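S.K.: To start, I am sharing the structure in question, which I have written as structure tokens.
Here, each number is a calculation from the coordinates, and none is a lab measurement. Small disclaimer: the values here were computed from a predicted structure and weren't measured. Cβ placement follows ideal geometry from the backbone for every residue including glycine, while neighbour counts extend to all protein chains displayed.
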């Protein structure tokens, strides 16, 4: 402990003059280590271990020792059409959920930022999907989509829009149906983040613009959006990642069916690892997913930042 | 003036549409939970049960070890929340008060952890816990939940610490209070609401979590509520919607209560983090 503190101390900037430096630094390490050690052991460590695993033939419950096989997993993965199909579904799902989610959340946040009467009720209700366990959200929407006893088919019948459909088990409707659930489930979090951003926008600037005769749309693009932009960017990027990594919702709704139409990459990797025991191969899938997410995000953020420079 | 009224009407219409979209699945869940089997099987289900019953709840408790799994969830989530807060508070204090390279690295890690690739982590974690003989053990699950909750807890708490004026601590130091004494009797009381909110957040996260619990717990008696809930689907198929809905309602209640309690705080904490960082 002392040696760690000694080695690292040069990295710390000089503390303010009126505080005794030595004891404070040691004290600081004492405060930091209880959280730092579990983080290093149980999340940084496994992350690196996972990357190494991708280059081995590790399998669950096999007697023979695990061997290094280089990039063989990745070469196999390249020709694994099922995986790439799952990957494509994952991208459709992530974008299909994130974009409507953002637009709907922006609308709701703008409404909640107004002086409307039912605002408290909307705020309370907006929390509900957030508070629910994902498994319960999945179960709930199964009830909504249920072919006979579901409210969706019943409403459609009442409106004379034809008979029931089995939304979650027909090939054409399964993916759109789970995307709707994804939008619903993530709406509150996005709304709360955007609302927080909205409340930071300068109110007097808004009023000044209104006095100058700027319409609602003009005020939004000239005053609100520039202030909201960083929050919007951050929450959209996070939503993309979260959605691409989604698991529980679709596991409960369809289990990846029908015919793999909703088999997100996470479900695919889970089955590979814990149903078929192919640890090394599944780890390679994880690496590919992470790499692709990183590249997508870099492109997305770089594009947005360049947009900043243009203005 | 007229356009203004029209705008208002439009806004209310939009708000009502949102309310309907957000609430209808939940209302349908409630309605299903109180319906007797005959109404559930009918081709024309109604919003309000014609003969409301509690039988579904009773059946839900009989069919699966629901009570037991709820207790498991409670135990795991409580332990995870307490440990996470105890570990995170000191570190958040240092991160907020000292702009060191470590603090910067930790903030970076907080951001990265939001993008955490669970696929990549779960397999090594499984292997590590297996070698520690912590597979199929709730202690192992608690460890995972603690580490999983730490980044967000750190982020929230750092915001709360920054909101406590340094001047107060300096005044205490001038008055002759030692460092520990300052932390315990000046900073900690001011941080208490933030710590409570963070603990509640960690609790709800653990209570709701499914993926790790599914992978790490195999013995039915040890499994947490979300895992047991999915067994309703697996074992009973579509036939038994009533008990499924009843169990889902029960599983939602605790987190709903907690969120109602901390709703304002959470939004406030996010604001504090957003403004200060």
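S.K.: Mind checking the mean number of beta-carbon atoms from other chains within 10 Å of the Cβ atoms in B:122-134?
M.R.: Partner Cβ neighbours, averaged per residue: 5.
S.K.: Compare the peptides A:224-233, B:143-152, B:76-85 by average per-residue count of other Cβ atoms within 10 angstrom and give them in order, highest first.
M.R.: B:143-152, B:76-85, A:224-233
S.K.: Choose one answer from A:118, A:205, A:33: the residue with the largest mean-square fluctuation in a GNM of chain A with alpha-carbon springs under 10 Å.
M.R.: The residue that fluctuates most here is A:33.
S.K.: Quick one: Debye curve from the alpha-carbon atoms of chain A only, equal weights, vacuum; give me log10 I(q)/I(0) at q = 0.06, 0.09 Å⁻¹ to two decimals.
M.R.: Debye curve over Cα of chain A, log10 I(q)/I(0) at q = 0.06, 0.09 Å⁻¹: -0.32, -0.70.
S.K.: Mind telling me which of A:35, A:209, A:94 comes out most flexible in a GNM of chain A, alpha-carbon contacts under 10 Å?
M.R.: It is A:35.
S.K.: Now, a different point. Hey, what angle do you get for helix B:225-236 against the long axis of chain B, alpha-carbon based, 0 to 90 degrees rounded to 10?
M.R.: That works out to roughly 20 degrees.
S.K.: Separate question: When the helix-only estimate is applied to chain B (DSSP H runs of n ≥ 4, each -39,500 (n - 2.57), divided by the residue count), what is the mean residue ellipticity at 222 nm, nearest 500 deg cm²/dmol?
M.R.: -26500 deg cm²/dmol
S.K.: Moving to a separate point now. I'd like the mean, over residues of A:43-56, of how many other protein chain beta carbons sit within 10 Å of each residue's own Cβ.
M.R.: Mean partner-chain Cβ count within 10 Å for A:43-56: 5.
S.K.: Still on this structure: To the nearest 0.05, how large is the calculated FRET efficiency for residue B:71 and residue B:47 if R₀ is 30 Å and r is the Cβ-Cβ distance? Walk me through the numbers before you get to the answer.
M.R.: Values: r = 34 Å, r/R0 = 1.12.
The pair residue B:71/residue B:47 has a calculated efficiency of 0.35.
S.K.: What do you get for the angle between helix B:188-208 and the principal long axis of chain B? Use alpha-carbon atoms, 0 to 90 degrees, nearest ten.
M.R.: Helix B:188-208 sits at roughly 30 degrees to that axis.
S.K.: Right, next: Sort A:277-289, A:173-185 by packing, meaning the average of other beta carbons within 10 Å per residue, with the highest value first.
M.R.: The densest-packed peptide leads the list: A:277-289, A:173-185.
S.K.: Ranked from highest to lowest mean number of other Cβ atoms within 10 Å per residue, what is the order of the peptides B:244-253, B:126-135, B:172-181?
M.R.: B:244-253, B:126-135, B:172-181
S.K.: Can you pull the mean other chain C-beta count within 10 Å for peptide A:148-158?
M.R.: Mean shielding by partner chains, rounded to a whole number: 5.
S.K.: What number do you get for the range B:2-53 when its Cα radius of gyration is normalised by 2.2 N^0.38 Å, N = residues?
M.R.: Details: Rg = 16.9 Å, N = 52, 2.2 N^0.38 = 9.9 Å.
Taking N as the residue count of the range B:2-53, the ratio is 1.71.
S.K.: Given the rule -39500 (n - 2.57) for each run of at least 4 DSSP H residues, summed and divided by the residues of chain A, what is its mean residue ellipticity at 222 nm, to the nearest 500 deg cm²/dmol?
M.R.: For chain A, the value works out to -21500 deg cm²/dmol.
S.K.: Continuing with this model, one more query. Please give the Cα centre distance for the range B:190-235 versus the range B:1-67, rounded to the nearest Å.
M.R.: Measuring centre to centre over Cα atoms gives 25 Å.
S.K.: Still on this structure: Quick one: helix B:2-33 against the long Cα principal axis of chain B, what's the angle to the nearest 10°, folded into 0 to 90?
M.R.: 70
S.K.: Enter the Cα centre distance for the pair the range A:101-126 and the range A:234-304, rounded to the nearest angstrom.
M.R.: Their Cα centres are 30 Å away from one another.
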